[in-house]
1. Tell me which residues, restricted to the range B:350-372, are within 14 Å of another protein chain (Cβ to nearest Cβ) and either without any contact (Cβ under 8 Å) to a residue 12 or more places away in the chain or exposed (fewer than 14 other Cβ atoms within 10 Å of the Cβ) (or both).
2. So, A:V101, is that one in contact with a helix residue (DSSP H, G or I) (Cβ under 8 Å, 6 or more places away or on another chain), without any contact (Cβ under 8 Å) to a residue 60 or more places away in the chain and open to solvent by less than 20 Å² (accessible area, probe 1.4 Å) or not?
3. Might you let me know whether the range B:373-394 holds any residue that is open to solvent by 70 Å² or more (accessible area, probe 1.4 Å) and within 14 Å of chain A (Cβ to nearest Cβ)?
4. Based on what the data block shows, is A:F195 part of a strand (DSSP E or B) and either open to solvent by less than 30 Å² (accessible area, probe 1.4 Å) or more than 14 Å from every other protein chain (Cβ to nearest Cβ) (or both)?
5. Can you list residue pairs whose Cβ atoms sit under 7 Å apart, with the first residue in the range A:233-260 being within 26 Å of B:K216 (Cα to Cα) and the second being basic (K, R)? Count only pairs 6 or more apart in sequence or on different chains.
6. For the range A:240-282, name all the residues that are charged (D, E, K, R) and modelled with pLDDT under 95.
7. Please determine, by comparing only the residues of the range A:28-49 that are open to solvent by less than 20 Å² (accessible area, probe 1.4 Å) and farther than 25 Å from A:V103 by Cα, which one is modelled with the lowest pLDDT.
Amino acid sequence: MYRIIKKEILNPATTSMWIDAPAVAKKAQPGQFIILRVDEDGERIPLTIADTNPDEGSVRIIFQAVGATTLKLSQKQEGDFIQDFAGPLGNATFTNGLKKVAVIGGGVGCAIAYPVAKKLHRMGCEVHFVAGFRNRDAVILQEDCEKISDRYILCTDDGSAGKKGVVTDALKELLDSGERYDEVFAVGPLIMMKFVCDLTRIYRQKTVVSMNPIMIDGTGMCGGCRLTVGNAICFACVDGPDFDGHLVDFDEMMKRNGVYRDWERHAYDETCNLFKGAANHG
Amino acid sequence: MADQQKMRRQPMPVLPPRERVHSFAEVARGYDESEAVLEAARCLNCKNAPCVKKCPVSIDIPRFIQKISQGDPEGAYSVITEQSSLPAVCGRVCPQESQCESVCTRGIKGDSIAIGRLERYAADYHRKSGNANPSAPQKNNHRIAVIGSGPSGLSCAGELARRGYEVTVFEALHQAGGVLVYGIPEFRLPKNIVKSEIAALESLGVTFRTNTIIGKTYTVDELFDEEGFEAIFIGSGAGLPRFSGIPGESLCGVYSANEFLTRTNLMKAYLPDSSTPIRPARKVAVIGGGNVAMDAARVAKRLGAKDVTIVYRRSEEELPARREEYENAMEEGVHFQFLTAPIQILSDVKGFARGMLCEKMTLGEPDVSGRRRPIPVPDSDFIVDTDCVIVAIGTSPNPLITSTTDGIITNQKGGIETDENGMTSRPGVFAGGDAVTGAATVILAMSAGKKAAAAIDRYIQNKKEA
C-alpha cells in the first residue's frame, strides 16, 4: 500500500498527488512513468511522473479524472492509501547535449512536459515552453513552467487566458520569427502531437513525442502498448515512451487508444453514480 | 482388482464440454479418495523406478504413490515436497506423458500410472485438510534475492528456504506467481491454488516484494551493494511477445496471447464487474499451435466467441501443444486450420480486424528444428472470417535486467548464458527458466530453479570457507 502524502486540486478536472514511494522517487527520471492500481481488483493504469522528491521519498502524479480509475483515484484524500504503485518504468527522456528546445504541452500533458523542461533548464538549455489549454479554468502549472522557461507562451482555445489559439499556432509563430531548435518535445493529446509533428516536419525540426497508450504490465510482457514507428512495431513501455514524432503512426495509435472508449464511458458513468449515491446517503 | 482392470488407469472426472465452455471453473475435477487409492494400487513399486529418473525434480514417485495406496495422502504430500515446491501446480500442468509416465513399467502393456493425477490428489488433500504447512527452518543468516515469482523463482526460493536461507522474491506485477497467474487460465490452474502454494512458501520464511521491477526500481548491483544480498537468481521469464510481422498486426482487436491471457487471467476480465475489460469477439482466429494457443482459444470460447479457429502452418502431427490440451480444445468446439499461414490481417474503416488473409502450406524437408518446413502453396489464398486475432507464436527473453547489469553474457536470442550450475558469467548471479532457455514448460523452469538453488548453496558455503 502506498500513502497519499499530499493532494491538491489544480482545477475542477485535474488533481495532483504526492505518493509515498521512496524506491521509485530515488530512481525516477523525467519522462518515465509508473503503473498504479487504486484498489484490490482495480485496473492497472500508467501515469507519467510529474515530479519527485527523493529526500522525502515521494513521487508526484498529475491526472485528469477521465475514466473510472482516475475518478476513483481523485476521490482519495491525503492520508489514504492506494493499492499498488510500481516504477519507474520506460526510458528517461533523452536530454544530452541539447542547447535549445521548444517544449510543447497540451492540457494535462504539461504535467509530463514540466519535469523534462525543468531538467533541460537546469542543464543550461534554452527552453521555450508553449502550453495549450481549453480555457482559463483548465490552466495548470503556469507559475512552475514560467520559472524554468526562457520563454513561456500560454494559449487557450477560447482566448480566456494567454493567446487565443492552439499550440501549433504559437509554435508556428516562433518558427516563422526565425527560432530554430535542437529539438521540439511535445506531449499532450494524440491529435495535438500529430499536428505539432506535421508542422515541424515542414520546418525540419527534430521532434520527440511522449506516448501514453493503453498498457497492462508496463514491462514489455503484454504488447498491448505497441505502436508503429517507421516500419517497426515498438512497445511504448520498454522502447519508449518517447519516440521520433515524425515516424509515429498517429492515426493507428488514435484508433488503438479508442478500442475501449464506449466501455470506459460506461464505467466512468457507473463510478460517478456510485460516488453520487454515496454522497446522497452518506 | 482383476488383472484386466489393472491394465487401465482410473479416468479423470471432467466437466462435460457443454458445461465448461460457459465457465472458467476447473475442467479436470481431480480423483476422489477411492479413485486415487485404486489408481495408486496399480503401481508396481519398481526397484529401479524409471519414473524418478525422468522427473526433472526427482520426486520419489513410487514412495509417494505407496503412501496414497496405504491411505496416507498427507504422507504422500510430505514425500513430494521433499523435492518439489509446487506439487498442486505440477500435478496439473506438467507434461507427465512425456516425462515420468512415458517410462512407467505399467505403460508397456497397458496404461501407465496416472502419476500427475495422484500428485495433484495428494497436494489437493493437503490444501483442503487445513493441515499446517511446513514451517521455517533455523535461519543461516545468508540473504538471497530471487528475481521473478514464476515457476523457476518459486522453486529456487522454496529450495533455498528449506536450507535455511533468507530469501526475498521480487515481482514486477502486483501479484506473485508469474506465468502461473497471468498466463495459465483459471480452468486449467485455479488461482487460489497458486495462492496457497505461495502461502506455503511464505510459511517457510520466503518474503515476497511485489511492484518491484529489477532493472528499474533496483538494479542487480544495488541488490548486492545496497540491499545486502549475497547471491541472486534471475528467473524473469520469457517476457516479450513475438509478432509475425505481417501487415495488420497493430489493428484493434489483434492481441498478443500474453495480453489476451493477462487481461483474462490476472486482471479477471471474464468477471462481470472486472475493471479491466476485454472486447467481446464474434469470430476469433488464434495464430500458433502451442499450449498457449490452446489456452487462448479455450479462453476465447469461454468469453463467448461463436467461433474460434486455430491457424497453424504445419500439420496436426507437428502440433507442439500437449495432446491433452489439443483434445480439450477440440472437445470444446475449437476449429483447427492446419497447413495454413496468415499473410495479412484485414481492416474495417474504423481500424478493427475484420478478416485474415491466409495461404495454404505444404510440408517440405525438415528444417533446423527437425520438423518439416512449411512451404506456401501457390495461388491458395483465402480469407478467414474473424473480428479478433490472437498471436500466439512465442516470446523472447525480457531485456530489462540484462540491459541494466554489467557482466551478464546473453546469447543471440537474448537468453542468459549459464554454466552447468546455472551461474551466469557474473559470479554470484544465477539464472534459470525461460530467461535462459526461451519459452519452455513450468516443470523445466522449476527444475532449473531447483538446480540453481543447490548451486547457490554451494557457492555460499565455498565463499564462507574461502
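1. Within the range B:350-372, just B:K350 meets the criteria.
2. Judged against the criteria, A:V101 is not a match.
3. no
4. When the stated conditions are applied, A:F195 does not pass them.
5. A:I233/A:R226; A:C234/A:R226; A:F235/A:R226
6. A:D251, A:E252, A:K255, A:R256, A:R261, A:D262, A:E264, A:R265, A:D269, A:E270, A:K276
7. Among residues in the range A:28-49 that are open to solvent by less than 20 Å² (accessible area, probe 1.4 Å) and farther than 25 Å from A:V103 by Cα, the one modelled with the lowest pLDDT is A:G42.
Residue-by-condition table, conditions (1) open to solvent by 20 Å² or more (accessible area, probe 1.4 Å); (2) without any contact (Cβ under 8 Å) to a residue 60 or more places away in the chain; (3) more than 14 Å from chain A (Cβ to nearest Cβ); (4) in contact with a Cys (Cβ under 8 Å, 6 or more places away or on another chain):
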| residue | (1), (2), (3), (4) |
| --- | --- |
| B:L201 | no, no, yes, no |
| B:T207 | yes, yes, yes, no |
| B:N211 | no, yes, no, no |
| B:G215 | no, no, no, no |
| B:Y218 | yes, yes, no, no |
| B:L223 | no, no, no, no |
| B:E230 | yes, no, yes, no |
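The values are calculated or read from the model by the stated rules, or taken from the named source; none is laboratory data. The model shown is predicted, which means the values in this text are computed figures rather than measured ones. Neighbour counts run over all protein chains shown; Cβ positions are idealised from the backbone, glycine included. Just so you know, the surface numbers come from the protein's heavy atoms only, side chains and all, with ligands and any DNA or RNA stripped out. Shrake-Rupley method; radii C 1.70, N 1.55, O 1.52, S 1.80 Å.
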